[in-house]
1. Is it the case that some residue within region B:86-95 is within 13 Å of chain A (Cβ to nearest Cβ), surrounded by fewer than 13 Cβ atoms within 10 Å (Cβ to Cβ), part of a strand (DSSP E or B) and among the small types (Gly, Ala, Ser)?
2. What number goes with the only condition from (1) more than 14 Å from chain B (Cβ to nearest Cβ); (2) over 16 Å from the mean Cα position of the chain (by Cα) that A:Ser252 does not pass?
3. With the checklist (1) more than 14 Å from chain B (Cβ to nearest Cβ); (2) under 16 Å from the mean Cα position of the chain (by Cα) in hand, flag the one item A:Thr282 doesn't pass.
4. Any idea which of (1) farther than 19 Å from A:Ala384 by Cα; (2) touching a strand residue (DSSP E or B) at 6+ places or on another chain (Cβ under 6 Å) is the one A:Gly79 doesn't satisfy?
5. Which residues, counting only those in region B:85-134, are of a type in the set (Gly, Ala, Ser) and in contact (Cβ under 8 Å) with a residue 40 or more places away in the chain?
6. Restricting attention to region A:182-201, which residues are in contact with a Pro (Cβ under 6 Å, 6 or more places away or on another chain) and either within 14 Å of chain B (Cβ to nearest Cβ) or over 16 Å from A:Glu365 (Cβ atoms) (or both)?
7. Specify the residue that is nearest to A:Leu156 (Cα to Cα); the eligible residues are those in region B:57-84 that are in a strand (DSSP E or B), among the small types (Gly, Ala, Ser) and touching a residue at least 24 places away in the same chain (Cβ under 8 Å).
Amino acid sequence: MSARRHLRNEPAIAAVFELPPGRYPELSTLDLYREVLSRALAAWPLKARDIDGLLVPPADMAGDRPDILMHERFGDELGLRTVLSETMFAGGASYGLMIQRAALAIADGRAAAVLCAGAGKFPRLDEAGRRSMSKIFHPQFELPYGPTIPAMYALLATRHMAEYGTTPEQLAAVSVAARAWALRHPHAYMRSRGAISVEDVLQSALIASPFHLLDCSVPCEGGGVILVTTGELARRISGQPAYIRGMGEFHSHGYQSQTDAFNISVGTREAGAQAFRSADMTPDDIEVIEIYDAFSAMPIICLEDLGFCRKGEGGALAASGRILPGGDLPLNTYGGLLSYGHTGDASGLSMIIEGALQVMNRAGERQVAKAGAALVHCYGGMQADHSTLILSREA
Amino acid sequence: MEAKPIPAISAASAPYWEAAANGKLLLQYCDDCSRYLFYPRSWCPHCYGGALEWRTASGRGAVHTYSVVHAAPCVGFEADAPYVAAVIDLQEGPRMMANIIGCATETVRVGMPVEGIFEARGNIHLPQFRPVTA
């Protein structure tokens with residue numbers, strides 16, 4: 001008997017739009033939203049009356065005054081009257097979870113067309129930015145020890161290396177593959193920098209061992225929007241939509257030092273298993289993989305915990321060439337946060353957009369020949385919040 | 001955040017910091033589920049029991065994982081960089097974050113035995129760890 005939980009109304013990603021990641025010094029965050037939506041709405045056959053849901057993150061989360069009522073602010077500008085509207089935030093998992101909330105509302109018959117949008121500026125690492133970023137650490141039991149976000153993720157990498165013999169060269173292979181894919185994306189932030197080698201990664205400055213500069217994602221600004229609709233509406237809009245075939249969500253610890261394990265991403269394992277169960281699929285059915293890669297070690301750990309290889313073999317898999325263009329496990333086909341760009345509060349959108357474009361057969365030069373199903377795994381906070389989506393060419 | 005942060009003591013953590021000032025590492029012990037906790041809380045996060053008592057910990061443990069931080073988060077830590085941010089497996093069971101001090105950063109290893117010491121910072125004493133000397 002199939003374990004698959006069929007969603008009613010065939011929720012699907014009908015259309016996507018994203019600003020090229022870059023620097024937009026002349027635009028505020030709200031301006032970035034306006035830019036995203038005006039360009040998307042001009043391209044899509046959609047009027048305000050067609051949209052009945054809006055999900056956005058707070059604006060300027062890392063600033064001194066985040067706007068936690070963005071759905072009101074922005075819904076008003078768009079002239080929306082909605083049955084579903086919310087400002088929600090779970091770090092990098094925000095957008096994955098928005099797609100899930102939208103899909104469930106559509107399956108429930110409550111909504112028909114939900115906009116999931118975001119725009120962000122990577123926090124400037126000045127005094128205010130640092131103060132704000134430091135809220136992610138426990139004020140008494142982490143912050144006094146001088147943690148940084150790279151160092152907190154490095155704790156996972158170090159433990160993984162100690163337990164399984166994962167090497168810095170294998171971590172570097174993730175960054176090298178990301179750059180190789182970025183060279184095939186016209187908008188990737190690091191495209192103009194050309195290819196990099198394992199040696200280049202290892203020779204870049206140490207940030208927090210084992211991470212070098214090129215093991216870390218590249219900060220920039222951007223934004224985008226994903227339209228989730230019923231299957232019927234999606235087919236009218238795009239011909240070939242990306243159907244939301246499987247979903248999984250899990251929230252583990254809050255503070256990194258409280259995680260249940262440093263060698264395993266528990267939330268990835270749980271959310272991934274749920275997504276495969278709901279899609280009635282296994283890792284063998286997935287042809288494109290997008291995994292949140294704020295740091296090079298994370299796709300290695302997540303590939304294992306999603307079941308694409310045995311525990312401890314993620315490093316060897318990353319270095320095998322299978323994740324590169326032309327490989328049989330294409331990973332982060334847009335260049336990843338490592339080379340496409342980490343757009344601050346909007347980070348987590350690009351990889352869903354890419355998964356959808358691959359499934360819709362609209363990924364241009366980097367199109368994977370056989371892209372019937374894509375898995376997109378995003379995490380947020382200190383890998384506390386997890387969303388796994390399985391997008392499919394077939395409902 | 002220019003200087004090294006000094007933790008603001010909360011009601012739940014006051015005994016922990018008071019003991020640290022006297023050179024002792026205290027841990028909460030849950031009588032209901034018979035285990036030690038970290039960090040200090042008002043209830044046990046495993047059984048939600050409130051029967052927590054403070055016990056003096058051995059101060060012994062081993063490095064569970066670590067990172068040598070080269071890019072410091074603020075001016076206060078810049079002079080220390082590179083320094084070791086680590087998570088310690090305490091002998092009593094729970095894990096806690098600390099710096100490994102008193103040794104060259106390149107000698108730190110996962111599994112290395114460490115012992116607690118206390119760093120005076122502002123008006124508090126911060127539990128830290130150093131390699132166990134034979």
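The values are calculated or read from the model by the stated rules, or taken from the named source; none is laboratory data. For clarity, every value in this text was computed on a predicted model and none was experimentally measured. Here the Cβ is made from the backbone with ideal geometry for all residues, glycine too, and neighbour counts use every protein chain on show.
1. No: zero hits.
2. Every condition holds for A:Ser252 apart from (1).
3. (2)
4. Single failed check for A:Gly79: (2).
5. First pass over region B:85-134, keeping only residues of a type in the set (Gly, Ala, Ser): B:85-86, B:93, B:98, B:102, B:104, B:111, B:116, B:120, B:122, B:134.
Of everything in region B:85-134, those that are of a type in the set (Gly, Ala, Ser) and in contact (Cβ under 8 Å) with a residue 40 or more places away in the chain turn out to be B:Ala86, B:Gly93, B:Gly111, B:Gly116, B:Gly122.
6. A:Tyr189
7. The selected residue is B:Ala62.
Residues checked against (1) at pLDDT 95 or above; (2) of a type outside the set (Val, Ile, Thr); (3) surrounded by 20 or more Cβ atoms within 10 Å (Cβ to Cβ):
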{"position": "A:Gly223", "(1), (2), (3)": "yes, yes, yes"}
{"position": "A:Val228", "(1), (2), (3)": "yes, no, yes"}
{"position": "A:Tyr243", "(1), (2), (3)": "yes, yes, yes"}
{"position": "A:Thr268", "(1), (2), (3)": "yes, no, yes"}
{"position": "A:Ala271", "(1), (2), (3)": "yes, yes, yes"}
{"position": "A:Arg277", "(1), (2), (3)": "yes, yes, no"}
{"position": "A:Ile286", "(1), (2), (3)": "yes, no, yes"}
{"position": "A:Ile291", "(1), (2), (3)": "yes, no, yes"}
